[in-house]
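The values are calculated or read from the model by the stated rules, or taken from the named source; none is laboratory data. Predicted model only: the values in this text are computed from it and were never measured. Glycine also receives a Cβ, built like all others from the backbone with ideal geometry; neighbour counts cover every protein chain displayed. Each accessible area value is taken on the protein alone, full model and side chains, heavy atoms only, with ligands, DNA and RNA left out. Shrake-Rupley method; radii C 1.70, N 1.55, O 1.52, S 1.80 Å.
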Amino acid sequence: MEQVVIIGSGCAGWTAALYTARANLNPVVVTGMMPGGLLTTTSIVENFPGWPEGIDGTDLMIKLQQQAERFGTKVKFGSTVDSVDLSNRPFKLTIGKEEIETQTLIIATGAGHRHLGLDSEKALDGKGVTYCATCDGALPMFRDKPLVVVGGGDSACEEAMYLTRFGSKVHLIHRRDELRASKIMAERALANEKIEPVWDSVVTEILDVNEGKVTGVKVKNVKTDEETVIDCAGVFVAIGHVPNTQLFKGVIDMDENGYIHRREGSKTNVEGVYVAGDCSDHVYRQAITAAGMGCAAAIDAERFLASLD
Ligand code: NAP
């Protein structure tokens with residue numbers, strides 16, 4: 001039986017692993033299908049303390065993983081937990097045919113990309129519609145073509161700036177007339193000559209399903225109701241995230257958007273189950289705050305296990 005299982009391998013998961021490993025608890029990390037989490041889809045991370053020149057998102061996650069492994073963390077790469085039974089301790093988790101029992105569980109499942117919810121978005125996913133500029137921006141289909149980024153946050157600005165390396169022009173479509181992004185990001189994006197903001201506008205349809213690849217977007221101005229078409233070869237959706245908490249619905253308390261409730265530090269409503277990072281945080285959502293919460297969850301789990309002794 002395990003002492004600690006951590007589900008998720010973003011900043012929260014690896015930090016929880018580091019701390020529980022250094023407490024000699026031999027944690028197991030179940031990485032999920034995307035080891036390293038969302039930060040691996042970011043290019044340069046400039047706001048993680050300790051990296052004055054910035055660090056590539058994937059490099060940062062590899063370093064966190066190596067640091068956790070150095071102290072004895074066991075890693076289940078590319079595995080996802082299919083079901084959990086948290087009704088009694090030890091808790092039971094299933095990963096395919098394997099069942100793991102554990103005294104404590106740390107949920108650090110992060111968040112996934114929010115979708116626009118259009119049928120055409122679904123139909124053209126991977127055919128010009130994407131959620132990750134660093135993953136897909138360099139593809140030949142986007143080279144020297146006009147591109148669209150949807151969103152007004154840091155992600156949208158970052159994606160738009162990154163895409164100026166490849167596209168002939170980047171239309172940044174935002175539903176309001178002011179960016180949500182941090183000042184520095186917003187200023188950088190708006191100062192870039194290749195980025196053209198399209199204010200007060202929403203994408204109502206992605207064209208052209210019939211051709212099987214994106215040729216443009218239909219855009220509606222929310223103030224005037226005027227509809228226009230913007231030609232483009234790619235649509236990069238960057239409108240925020242939804243917590244990856246489906247697995248715990250009905251068992252772990254969460255809000256109406258699926259963010260897990262934290263009480264007294266990292267505790268959930270189930271004794272012995274702790275939570276950290278973006279799956280429980282819609283306020284700060286930073287790599288460093290997720291890491292801090294991972295640390296807190298590890299300490300809470302360790303103290304709980306000590307109390308059992
Ligand atoms: P976000 O801050 O939640 O921004 C989401 C954006 O999408 C908002 O502008 C929002 O519009 C818009 N939006 C939401 N739903 C929409 C819909 N259905 N249709 C059209 N637009 C929609 O998300 P994010 O940009 O992914 O950032 C998440 C967190 O990560 C933030 O804390 C951010 O600071 C951080 N981050 C940091 C960096 C960095 O520092 N390098 C990079 C990326 C992200 P409204 O503004 O009208 O709500």
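Assorted remarks:
- Failed criterion for PHE166 (all others in (1) in a loop (DSSP other than H, G, I, E, B); (2) assigned by TED's automatic domain parsing to the domain that holds VAL30; (3) more than 23 Å from the chain's Cα centre (by Cα) hold): (2)
Conditions (1) outside any strand (DSSP E or B); (2) open to solvent by 50 Å² or more (accessible area, probe 1.4 Å); (3) not aromatic (Phe, Trp, Tyr), marked per residue:
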position	(1), (2), (3)
SER87	yes, yes, yes
ILE100	no, no, yes
THR104	no, no, yes
LYS122	yes, yes, yes
THR134	yes, no, yes
LEU147	no, no, yes
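- Contacts under 9 angstrom Cβ, first residue in segment 23-44 being closer than 19 Å to ASP82 by Cα and open to solvent by 30 Å² or more (accessible area, probe 1.4 Å), partner of a type in the set (Phe, Trp, Tyr) and assigned to a loop (DSSP other than H, G, I, E, B), 6 or more apart: PRO35/PHE77
- Residues (near the ligand (Cβ under 7 Å from one of its atoms), farther than 20 Å from THR204 by Cα and surrounded by fewer than 14 Cβ atoms within 10 Å (Cβ to Cβ)) located in segment 158-187: SER182
- Test: VAL242 is under 27 Å from VAL84 (Cα atoms) and part of a strand (DSSP E or B): yes
- Residue among ASN24, ASN88 that alone is out of contact with any Asp or Glu (no Cβ under 9 Å at 6 or more places or on another chain), more than 19 Å from LEU247 (Cβ to Cβ) and assigned by TED's automatic domain parsing to the domain that holds ALA301: ASN24
- You will find that of GLY250, GLY216, GLY272, the residue that is out of contact with any Ser or Thr (no Cβ under 7 Å at 6 or more places or on another chain) and open to solvent by less than 40 Å² (accessible area, probe 1.4 Å) is GLY216 and no other.
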